[in-house]
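The values are calculated or read from the model by the stated rules, or taken from the named source; none is laboratory data. Predicted, not measured: the structure shown is a model, and the values here were computed from it. Don't worry about glycine lacking a Cβ; one is built from the backbone with ideal geometry, like all the others, and counts go over all protein chains shown.
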Amino acid sequence: MSFDDGYPEYVSVGERKRRAARKIEKLKKKNPEINPVIIKGSQLSETWWGKAWNKNLEAYADYSTRIGRGRSYVRHGAVLDLRIQPGKVIAQVLGSRSKPYSIEIDIDPVPEIQWEKLKRSCEGKLASMATLLAGKIPVEMQEALTKKGSGLFPSPKEIKFKCNCPDWASMCKHIAAVLYGIGSRLDDDPALFFILRKVHVDDLVSELVNDRTRSMLGKAKKKTERVIEDSDIAAMFGIDMEQEVQQVKKKPAQKRVAKKQPVQKKTIKKETVQNKAVEKKPAQKKTARAKAPAKKKSSP
């Protein structure tokens, strides 16, 4: 790296991307499991989960003035590896030197009381697990999940990070690039968000199932009440509902038997006619042989 008047040498966007691509190929030879962040389109994130993650970070003054430095880094493919674990993100970012920088980000889990409130606020608002992960979330539920201080997305005080670069800033551009990289990773797999926050996404769906069960039970109760009312009406007018049902059931049964009987009789007649024809043929041949010698004896 060369300097001119104290400033680092300018490197074009294309050259930065080529350097990152070469470094990724080199790292893959040593560790094939590395997972780089690749931004394909013009936007850093395209799904609801990725956009909500980035918007949450930019909404806090602690991050809004500093996180922007990582946008260009993540766009140029500088995040060579990013892995999301329960409550932790581990990444490697390519900077000005040839060796990547190591970043660790720790995120506190969602407090239990806060999680319970979220589950109650989301009760009955989800169609299925697939719609939740696809980001097809009702507006009311979106507001509950993204609300500052009580939502599901972390605040600055719940995020701790460190980088081994020489930058003295509390949030360097390498960390900022990783934070944007998390949003891109959520585009590929939104379920990683719940792993990161140490909560079970099934809890939200189970609340939906419980709500539907209660609704079904309520409908079943109403249906039972209607059946009882029908029986009361039948008793009032002296109608025997069971006999009516039995008569209706017997009628189609008789028609089916009447259709099957002619088919069976025709089959039996054909078989008997064929058997008789077979029996008559050998009898005729035997009679002809018996009469022939009798004529010869009477001639002398």
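Data for the structure
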read-out	value
Options Thr65, Thr47; residue that is surrounded by fewer than 19 Cβ atoms within 10 Å (Cβ to Cβ), of a type in the set (Val, Ile, Thr) and either farther than 24 Å from Lys157 by Cβ or outside the structural domain of Arg19 (by TED's automatic domain parsing) (or both)	Thr47
Those residues of the range 81-123 which are assigned to a strand (DSSP E or B), touching a Pro at 6+ places or on another chain (Cβ under 8 Å) and of a type in the set (A, V, I, L, M), in sequence order	Leu82, Val93, Ile107
Single condition Ser102 does not satisfy, out of (1) surrounded by fewer than 17 Cβ atoms within 10 Å (Cβ to Cβ); (2) at pLDDT below 90	(2)
Any hit, the range 163-172, residues being modelled with pLDDT of 90 or more and assigned to a helix (DSSP H, G or I)	no
Residue match in the range 49-65 (condition: hydroxyl-bearing (Ser, Thr, Tyr), at pLDDT below 90, closer than 20 Å to Ala169 by Cα and in contact with a Lys or Arg (Cβ under 9 Å, 6 or more places away or on another chain))	yes
Some residue of the range 109-121 being in contact with a strand residue (DSSP E or B) (Cβ under 7 Å, 6 or more places away or on another chain) and of a type outside the set (Phe, Trp, Tyr)	no
Residue match in the range 176-189 (condition: in a helix (DSSP H, G or I) and surrounded by fewer than 19 Cβ atoms within 10 Å (Cβ to Cβ))	yes
Close pairs from the range 151-170: first among the charged types (D, E, K, R), partner surrounded by fewer than 17 Cβ atoms within 10 Å (Cβ to Cβ) and in a loop (DSSP other than H, G, I, E, B), Cβ under 7 Å, at least 6 apart	Glu158/Asp108
Selection within the range 97-131 - among the small types (Gly, Ala, Ser) and more than 30 Å from Asp167 (Cβ to Cβ)	Ser121, Gly124, Ala127, Ser128, Ala130
Which numbered condition Ala144 misses (of (1) farther than 23 Å from Glu58 by Cβ; (2) surrounded by 18 or more Cβ atoms within 10 Å (Cβ to Cβ); (3) outside the structural domain of Ile195 (by TED's automatic domain parsing))	(1)
Single condition Glu143 does not satisfy, out of (1) in a helix (DSSP H, G or I); (2) charged (D, E, K, R); (3) under 30 Å from Asn31 (Cβ atoms)	(3)
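Per-residue answers, yes or no, for (1) in contact with a Leu (Cβ under 7 Å, 6 or more places away or on another chain); (2) more than 27 Å from Arg66 (Cα to Cα); (3) hydroxyl-bearing (Ser, Thr, Tyr):
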{"site": "Gly95", "(1), (2), (3)": "no, no, no"}
{"site": "Leu152", "(1), (2), (3)": "yes, no, no"}
{"site": "Lys160", "(1), (2), (3)": "no, no, no"}
{"site": "Cys163", "(1), (2), (3)": "no, no, no"}
{"site": "Tyr180", "(1), (2), (3)": "yes, no, yes"}
{"site": "Asp188", "(1), (2), (3)": "no, no, no"}
